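Nothing in this text is a laboratory measurement; each read-out follows from the coordinates by a stated rule. Remember, predicted model here, so these are calculated numbers, not experimental data. All Cβ positions, even for glycine, are placed from backbone atoms using ideal geometry, and neighbour counts span all protein chains on display.
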Amino acid sequence: MTSEEMKKTIEFMLEQQAKHESEIQDLRSVGKTIQDNQQKIQESQQA
């Protein structure tokens, strides 16, 4: 593997990692929204 190929591979891996991290952030915010909604439902049922 040439150094150019290696550089491209590393760049690709970093791009993939960044993509996955942003997807994880999206999932976390969805999870947080679900938790907030469940809490609101519980509070409204207790009222």
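Just a yes or no: is a residue in segment 5-15 exposed (fewer than 10 other Cβ atoms within 10 Å of the Cβ) and at negative phi?
At the first step, the residues of segment 5-15 found to be exposed (fewer than 10 other Cβ atoms within 10 Å of the Cβ) are 5.
From what is left, the residues that are at negative phi are 5.
Yes; the residues of segment 5-15 include at least one that is exposed (fewer than 10 other Cβ atoms within 10 Å of the Cβ) and at negative phi.
Which of (1) loosely packed, with under 10 Cβ neighbours inside 10 Å; (2) assigned to a helix (DSSP H, G or I) does Gln25 not meet, given it meets every other one?
(1)
For residues in segment 1-22 being among the polar types (S, T, N, Q) and assigned to a helix (DSSP H, G or I), which is farthest from the chain's Cα centre (by Cα)? Walk me through it before giving the result.
The initial filter retains those residues of segment 1-22 that are among the polar types (S, T, N, Q), namely 2-3, 9, 16-17, 22.
This time we only want the ones that are assigned to a helix (DSSP H, G or I), so: 3, 9, 16-17, 22.
Values: Ser3: 31, Thr9: 23, Gln16: 12, Gln17: 11, Ser22: 5 Å.
Within segment 1-22, the match that is farthest from the chain's Cα centre (by Cα) is Ser3.
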